[in-house]
Each structure stands twice: as C-alpha cells, then as structure tokens.
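Take a look at the structure below.
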Amino acid sequence: MRKQESILGVKFDIVNEDEALEKLMNFLEEDSSLKKVYTPNPEIVMLAQDDKELFRILSEADLVLADGIGVILASKIKGLELKDRVTGVDTMDKLLKYCGQKGKSIFIFGSKPGIAELACKNIEKKYEGIKIAGYHHGYFSENDEDEIINKINGVNPDVLFVCLGAPKQEKWIDKNKDRLNCSLAMGVGGSVDVYAGVAKRAPIAFQKLGLEWFYRLLKEPWRFKRMLVLPKFLIKFIVTK
C-alpha cells in the first residue's frame, strides 16, 4: 500500500533510497502504462502553491521523492513520517546501475546541445550492460515536439530521463504521457550535467549533512535570491494547519 505525507498539499512518498529503487524496478517490470516520477524540492513545492497545473501534475505522479533537505526539515518540525531525503541524482545513479545489470535501455532528453550525448557516453562507460537508446538536447520549440517524441518512440526506451529543469520537465512529461512509448519517465533536472562532467556535486560531507544547497551557494553566489525560498517555505509550512 502506498504511504505518503503531505507538505503544503504536495504528497511525497514515504520511502528511503532502497525502497524508492524497489518501486522503480517494479515499474520497469510491469506491463502497464507510463509511470511518472518527480523529485520536488521546497522551491517546487512553493511554485505548486500558485501553479494549479503543477500541483495537479505532482498529485498524479506515480512516485514523488523528497529532493531537498528543506522538505525533510519541515516534516521533522511537525513530527511527520517523512524522514529520508531521496535525491534525483542519487536515485538516477541507482536506477542506471540496475538498468546495466538487467540490460535495460535509457534515453536522455534535455540540457544544452552536446551535453546529453556526453552524459550518455560516460554512462555507457560506467554502467556495464546498459543500453543507450538515444538522446536529444533540450533546446526546442513546440514545432519540434512531434519529431522528438517520434525519435524517442522509435527506439522504445525502458527509461526516459527528462532534464529540462522544473517545472518545465514535469509539465512536458504530463503533456505527452499518452504519447510516449516507455515504461518510466523521470524528471531529473541538472543531473545530466553531472554525468556529462560539466557540473560537480558537493563533497560527500556536504551531502551527508544535507548542505548541498549551501555548497552550491558558495560556488554560485548569484543563487542567493533563489535560496530565499527555503525560509519562506518553512515559515509558510509552520503557520499552515
């Protein structure tokens, strides 16, 4: 039975990393419709407060993972059951490893031209047995969508990683959910840049402490205004019954 916890109305699945992977594995083995997986952080939860379409999309997902220490902190403040942060990049890593072991195929859609291709090459080297079905950059117009979907469906991947940034990737998956021939579509934001080697994750110490956001702020001070959403998110959550 699916167990979820609500954070400002957005329902997150109560799972740790291993349990999340088990659900993803089951999705891939099921012969059913496309499964949609999203990984919201506090910024996305706040966007969903005013964006009814995004709120609906998150509520209709098959798996919603808490990618953001702020979400876990909010849960702890009110004694809720959501205790484990499950990041998109870590989940993607575990899923890629599984795909390699089982000979599953992936397609990466998003980021700047050349980045998805580079990420696929590195992934193929790292995960023995994985099948790279294809890739496509994320610079496109509505007129290009049919061509992109035909390209994806032409190779029929098991997993489609959509790296358009939130909420664009969630809305794109939802818009095309009935047209995509794959078992699972997952929005993973900038994770493709990590696999391409053009972006680095925070050191392990920062990751374990849930301070990746602080490391990114140190490296990219221009993110300061965006980071202000965290205290706003916590205040709103605390005062909301």
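The values are calculated or read from the model by the stated rules, or taken from the named source; none is laboratory data. Treat the numbers as computed from the prediction; the structure is a model and nothing was measured. Positions of Cβ are backbone-derived with ideal geometry, glycine not excepted, and every protein chain shown enters the neighbour counts. Quick note on the areas: whole protein, heavy atoms, side chains included, nothing else; ligands and nucleic acids left out. Shrake-Rupley method; radii C 1.70, N 1.55, O 1.52, S 1.80 Å.
Structural remarks
- Seen through its C-alpha gyration tensor, with square-root eigenvalues sorted a ≥ b ≥ c, region 52-101 comes out oblate because a/c lies at 1.5 or above while a/b is not bigger than b/c.
- The slack in the chain from Arg201 to Glu29, taken as 0.36 nm per residue of separation less the alpha-carbon distance, amounts to 58.8 nm.
- Surface accessible to a 1.4 Å probe, Glu124 within the full protein complex, Å²: 110 Å²
- DSSP bridge pairs, region 1-148: antiparallel proportion in percent, nearest 5: 35 percent
- Taking every Cα-Cα distance in the chain and sorting them into 10 Å bins starting at zero, the pair-distance distribution P(r) comes out as 7, 32, 38, 20, 3 percent.
- Per-residue SASA entry for Val194, accessible area with 1.4 Å probe, Å² rounded to 10: 50 Å²
- Each of the peptides 140-146, 9-15, 125-131 was scored by the mean count of other Cβ atoms within 10 Å over its residues; in descending order, highest first, they stand as 9-15, 125-131, 140-146.
- Residues of region 167-199 with amide N under 15 Å of the 7 Å Cα→Cβ point at Glu142: 172, 175-176
- With helices as the sole contributors, the chain gives -14000 deg cm²/dmol at 222 nm; each DSSP H run of n ≥ 4 counts as -39500 (n - 2.57), and the sum is divided by every residue.
- Full-extension gain in nm, Glu128 to Ser59, via 0.36 nm per residue minus C-alpha separation: 21.3 nm
- Helix 17-29 and the longest principal axis of the Cα set of the chain meet at an angle near 40°.
- Relative intensity, log₁₀ I(q)/I(0), of region 10-77 from a Debye sum that treats every alpha carbon as a point, q = 0.16, 0.21, 0.22, 0.24 Å⁻¹: -0.58, -0.91, -0.97, -1.09
- Relative to the dominant Cα principal axis of the chain, helix 115-126 is inclined by about 80°.
- Pairs from Lys3/Lys168; Lys78/Lys102; Lys78/Lys126; Lys121/Lys232; Lys125/Lys175; Lys97/Lys232 whose Cα-Cα separation, in the structure shown, is over 31 Å: Lys78/Lys102; Lys78/Lys126; Lys121/Lys232; Lys125/Lys175; Lys97/Lys232
- Summed side-chain charge close to Asp13 - residues other than Asp13 whose Cβ falls under 14 Å, Lys, Arg +1, Asp, Glu -1: -2
- With all protein chains modelled, accessible area of Glu22 [1.4 Å, Å²]: 110 Å²
- Note on the chain: with charges restricted to the Cβ of Lys and Arg (+1) and Asp and Glu (-1), its dipole about the Cα centre is near 900 debye.
- Using C-alpha pairs under 8 Å with a sequence gap of at least 6, the mean separation divided by the residue count of region 27-145 gives a relative contact order of 19 percent.
- Rounded, prolate or oblate (a/c below 1.5 giving rounded, otherwise prolate when a/b exceeds b/c) for region 148-196 by Cα gyration tensor: oblate
- Neighbour-limited loop hits for chymotrypsin sites (Phe, Trp or Tyr not before Pro), region 155-212 (at most 15 other Cβ within 10 Å; DSSP other than H, G, I, E, B): none
- Whole-Hz ³J(HN,Hα) from phi, Karplus 6.51 cos²θ - 1.76 cosθ + 1.60, for region 163-171, glycine and proline x: 10, 9, x, 8, x, 4, 5, 5, 5
- Pairwise centroid distance, computed over Cα atoms, of region 161-197 with region 5-32, Å: 16 Å
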